[in-house]
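First comes the structure, then the notes that go with it.
The values are calculated or read from the model by the stated rules, or taken from the named source; none is laboratory data. Keep in mind the model is a prediction, meaning the values are calculated, not measured. A quick note on method: Cβ atoms are made from the backbone with ideal geometry, for glycine too, and the neighbour counts reach across all protein chains shown.
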Amino acid sequence: MACLTLRHLLSHTSGIAHEAPVGNGREPSYGLARFVQFFLNGGKVDGQTVLNESLMTSMVTPSIQNKPYGLGVGIYPNNKYIHLGHGGSGVGFNSTMFWLPEYGIGGVYLYNSEYLNHSFSISNDLIDENLVQKNGSFEIPSAEYPAYQPLDPNTFTPFQPAWKKYIGTYKYVMSGWKPSILMRIALGLGLMTEYTHVKVFEKDGYLYVDSIVFHDDDGGRLDEHLRHLFFTPTGKCLDLRDRKLTWQNYRIKKVNNDNDRNFDINF
């Protein structure tokens, strides 16, 4: 657990086609293996309890109805045996860490391919060949889920004069991504597209956001929950709190103050 430091977890900010390390943590294989051991040991590191049983159970309890995902832990019940874990990817590589609580084994895969279809075949083969014996039981914890209620945009705060400074066009801070030929031409000509820019504008007395990346299908109306921190009705986030501005955790940079919501070109 000590191998995944706070610096590792917080230093990652997304760009377009960004690296997506395992659970937003970046670590070599031995560090990830130690993290897997932490889960297999029931929240203990070197014999000392870091997370109690209640918290460990919370991490592997599906947090969204009908979605096999806990608190940062993927739950894979449809495989031959129940696997827990998480994956990561980036330009030219993929990664997976996993563990099987019933069998007390786990593993870390790091491979330099973007398209390898990982299927937990190694762990399945170990069990099928009786090289690993079942030493416990594990059932996916159940949970009750309240009915989802999206925010009512009619209750949002009307446009405030102080929000005028947010109006304008923002461009994505791109890294690790090669645009198409048409997009490169558009960028070279200085054109604004829905793939490369974000529009924040006033409309009908409210503040709105629009962009094709994580395009907002709930209308894009914004409400300020904290100073400089906005959300749409379905929880999409525009964070303008410091110099590292983000839309849906993608880095953006303001390029003008125009209230025009239209893009120069659509692809």
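Some observations on this one:
- Residues of the range 233-252 that are modelled with pLDDT of 90 or more and either outside any strand (DSSP E or B) or outside the structural domain of Lys165 (by TED's automatic domain parsing) (or both): Leu240, Arg241.
- For first residues located in the range 118-143 and closer than 22 Å to Ser63 by Cβ and outside the structural domain of Lys80 (by TED's automatic domain parsing), partners that are among the polar types (S, T, N, Q) and modelled with pLDDT under 85 and lie 6+ apart or on another chain with Cβ distances below 9 Å form the pairs Ala143/Ser63; Ala143/Gln65.
- Test for Asn94: is it modelled with pLDDT under 90, surrounded by 18 or more Cβ atoms within 10 Å (Cβ to Cβ) and not in a helix (DSSP H, G or I): yes
- Failed item, numbered, when Gln160 is tested on (1) at pLDDT below 80; (2) assigned by TED's automatic domain parsing to the domain that holds His228: (1)
- Listing of helices (runs of 4 or more DSSP H) fully contained in the range 1-89 that carry 1 or more residues being at pLDDT 80 or above and either under 25 Å from Ile127 (Cβ atoms) or outside the structural domain of Asn249 (by TED's automatic domain parsing) (or both): 29-40, 53-59
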